[in-house]
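Taking it in order: structure first as structure tokens, then the write-up.
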Amino acid sequence: MTTETFYDCFTPKSPAQWGLATVVALICYYVILGTYRITLHPLARAGIPGPKLAAFTWLWEFYYEVINRKQLKPVILREQLRHTYGPVVRINPDEVHIHDKDLYLEVFKIGSKFIKSDRFYMSFASDYSVFNVSDPHDHRNKRGALSPLFSQRAVFELEDVIQGKVEHMLRKIAELSSAGKNVNFHFIFRAVTIDIVTDFCYAEPYNQLDAPNFMGRHVVALETNAMMLPLFKNIQWLGGLLAALPLGFMKLIEPEGAGNAEMLRAARAHIKRLVDDRSILLSAKHTTVFEKLLELFPRPDEHTLTYLTQEANTLVTAGSETTASVLEVGLFRILQNKSILERLFGELKEAIPDISSPLKYATLKRLPYLTACVKESLRHTYGVLGALPRVVPEGGVEVQGYKIPAGTVIGMDSYSLHHDESIYPDSHAFKPERWLSATPDMERFLASFSNGTRQCIAINLAYAELYMILGNVVRRWELKPYDGFSEADFEYEDVWLHSLAKQSLAASCKPRLE
Ligand code: HEM
């Protein structure tokens, strides 16, 4: 056989043969790549244990996080892997999941060198926002500009805004109560938290409390977006692509609402209007985020407008679903246990004997049992369920006898800390009492807001909302969960965020007379 005829045999001659050749070449490529990952990859050489298939291909994680997550929650899967392989587990070709309290304190400290992983954070399609940027210098500048707005003092000055929205919510509850209808707390808590944060951002709330059944388009978009997070996390460019597509097309794919794309569009339109007409911001009785940001960027160019849009969207999404989840889970855990409810109501009544007087944040903040209920609710909702991925800095890190090389992504989650029985005994039980004699470790490892340089910027605002909303609802209303309320109502979905599966937590509300 001549050389020419030899090559001839291997040259595809028709489109079908070209197709087959491409498939074979791709399979060979992935087999070679996978073999490298489980043999010569730095994590293989470091001897990090874990399922071989997880190290071989990203599809393993995709399967568990996107396809199978309802059957086995990713957070529970990680617990199972920990029991099988130990506290350091390779969960995909490039990432190691770790449960180690000392390392947690190192990674999530002020000035930590472990920066956010771009690969993961780009999935939110808001690369420039303070939440998503990884570069420490960029982050410092952006956070520095926003931080004064979220200080303890600033939040006290914002109390009237929160109080106004809480009263709006109470009026809505009263309307439903006098019509003999139950109140769906899943949606009303989302509506009130969105209204607070949008009033704070733009001086113009989205008024989701006035929407039918509290399911305005922003509430729905927020929920849709939450459900899409596992897909976006695994196909990181998808969120950005969908956000760029025409909204009408998006709605064909997702009729309920276009999630993040819709929220980004709304934020952009809002900011453009504020750029053209500052009078709304200037006439507000309270400080707003955009009054400050537009002082820094009075005539934003296209790029700055994109940054501002992403910042607004991040504040609205990060600031509503999280707070609402804590309130929802907390309130119904309290209602589930009569003695907790009576003790909390008793404390509130003693502190605010006149039911018609407003519940001041400064008063509520000092109440030990309400504080205990808020902290236990935070512990039970975890902040976010998913791991917070960080990149190992130069020099690598040693943990539990393994040397993890620089550049590796490591993830740690609050779930494993919040259910560490040596810190929180009987950890699955809702026991506010445990916080009345809290140990230093209980405070240190309550990780719902994360810790260190990338801790939640709005921790003061979030606490104010939690105290004021929970305090007002329990002080003013006698609540009875809907018929059929059971433990099954607390079944949640792990979509990186903690999201209750049923969205049906409703209660009848009777006004308290004293
Ligand atoms: C109970 C309510 C809240 C919880 C549990 C919570 C939880 C968290 C967590 C765990 C992080 C770190 C995320 C990560 O590292 O990837 C975070 C960051 C952040 N949160 Fe919150 N959050 C809450 C309320 C809010 C509110 C009300 C806002 C805004 C109005 C907000 C805005 C942000 C921002 C901007 C960041 C990024 C901070 C940075 O990287 O410097 N959060 N939050």
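The figures follow:
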{"quantity": "Boolean, Leu331 is over 29 Å from Val133 (Cα atoms) and under 20 Å from the mean Cα position of the chain (by Cα)", "calculated": "yes"}
{"quantity": "Pick from the range 209-260, criterion within 17 Å of Ala318 (Cβ to Cβ) and modelled with pLDDT under 80, ranking: surrounded by the fewest Cβ atoms within 10 Å (Cβ to Cβ)", "calculated": "Ala243"}
{"quantity": "Selection within the range 150-159 - more than 8 Å from the ligand (Cβ to nearest atom) and buried (at least 16 other Cβ atoms within 10 Å of the Cβ)", "calculated": "Ala154, Val155, Leu158, Glu159"}
{"quantity": "Phe232 vs. criteria in contact with a Leu (Cβ under 6 Å, 6 or more places away or on another chain) and within 22 Å of Val133 (Cβ to Cβ)", "calculated": "yes"}
{"quantity": "Residue in the range 383-399 that is within 11 Å of the ligand (Cβ to nearest atom) and at positive phi present", "calculated": "yes"}
{"quantity": "For Met442: the one exception among (1) under 30 Å from Asn68 (Cα atoms); (2) away from the ligand (no atom under 11 Å from the Cβ); (3) not in a strand (DSSP E or B)", "calculated": "(1)"}
{"quantity": "Test result for Ser147, near the ligand (Cβ under 10 Å from one of its atoms) and either in contact with a His (Cβ under 7 Å, 6 or more places away or on another chain) or in contact (Cβ under 8 Å) with a residue 24 or more places away in the chain (or both)", "calculated": "yes"}
{"quantity": "Selected residue (criterion: surrounded by the most Cβ atoms within 10 Å (Cβ to Cβ)) from residues of the range 428-439 that are of a type outside the set (A, V, I, L, M) and in contact (Cβ under 8 Å) with a residue 40 or more places away in the chain", "calculated": "Pro432"}
{"quantity": "Test result for Arg90, of a type in the set (Lys, Arg) and in contact with a strand residue (DSSP E or B) (Cβ under 9 Å, 6 or more places away or on another chain)", "calculated": "yes"}
{"quantity": "Pair list, Cβ < 8 Å and 6+ apart or interchain, from the range 339-353 residues that are within 14 Å of Leu513 (Cα to Cα) to residues that are loosely packed, with under 15 Cβ neighbours inside 10 Å", "calculated": "Lys349/Glu514"}
{"quantity": "Within the range 57-125, helices (runs of 4 or more DSSP H) holding 3 or more residues that are free of Cβ contacts under 8 Å to residues at least 24 places away in the same chain", "calculated": "74-85"}
{"quantity": "Conditions (1) of a type outside the set (A, V, I, L, M); (2) farther than 18 Å from Leu505 by Cβ; (3) touching a Leu at 6+ places or on another chain (Cβ under 7 Å); (4) buried (at least 19 other Cβ atoms within 10 Å of the Cβ); number of the one not met by Glu321", "calculated": "(2)"}
{"quantity": "Hits in the range 157-185 (condition: among the charged types (D, E, K, R) and assigned to a helix (DSSP H, G or I))", "calculated": "Glu157, Glu159, Asp160, Lys165, Glu167, Arg171, Lys172, Glu175"}
{"quantity": "Evaluation of Phe430 against (1) of a type outside the set (Ser, Thr, Tyr); (2) more than 16 Å from the ligand (Cβ to nearest atom); (3) over 28 Å from Ala226 (Cα atoms) (one fails), failing number", "calculated": "(3)"}
{"quantity": "Residue in the range 133-141 that is closer than 18 Å to Lys403 by Cα and within 20 Å of the chain's Cα centre (by Cα) present", "calculated": "no"}
{"quantity": "For Glu491: the one exception among (1) within 20 Å of the chain's Cα centre (by Cα); (2) touching a residue at least 24 places away in the same chain (Cβ under 8 Å); (3) more than 16 Å from the ligand (Cβ to nearest atom)", "calculated": "(2)"}
{"quantity": "Those residues of the range 62-80 which are surrounded by 16 or more Cβ atoms within 10 Å (Cβ to Cβ) and more than 16 Å from Leu385 (Cα to Cα), in sequence order", "calculated": "Phe62"}
{"quantity": "Residues that are more than 10 Å from the ligand (Cβ to nearest atom), without any contact (Cβ under 8 Å) to a residue 40 or more places away in the chain and under 21 Å from Arg268 (Cα atoms), drawn from the range 126-144", "calculated": "none"}
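Quick grid of which residues meet (1) surrounded by 20 or more Cβ atoms within 10 Å (Cβ to Cβ); (2) modelled with pLDDT of 95 or more; (3) in a strand (DSSP E or B):
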{"site": "Phe449", "(1), (2), (3)": "no, yes, no"}
{"site": "Ile457", "(1), (2), (3)": "yes, yes, no"}
{"site": "Leu466", "(1), (2), (3)": "yes, yes, no"}
{"site": "Arg475", "(1), (2), (3)": "no, yes, no"}
{"site": "Ala507", "(1), (2), (3)": "yes, yes, yes"}
{"site": "Glu514", "(1), (2), (3)": "no, no, no"}
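The values are calculated or read from the model by the stated rules, or taken from the named source; none is laboratory data. Since this is a predicted model, take the numbers as computed values, not measurements. Every residue, glycine as well, gets a Cβ built from its backbone with ideal geometry; the counts of neighbours run over all protein chains shown.
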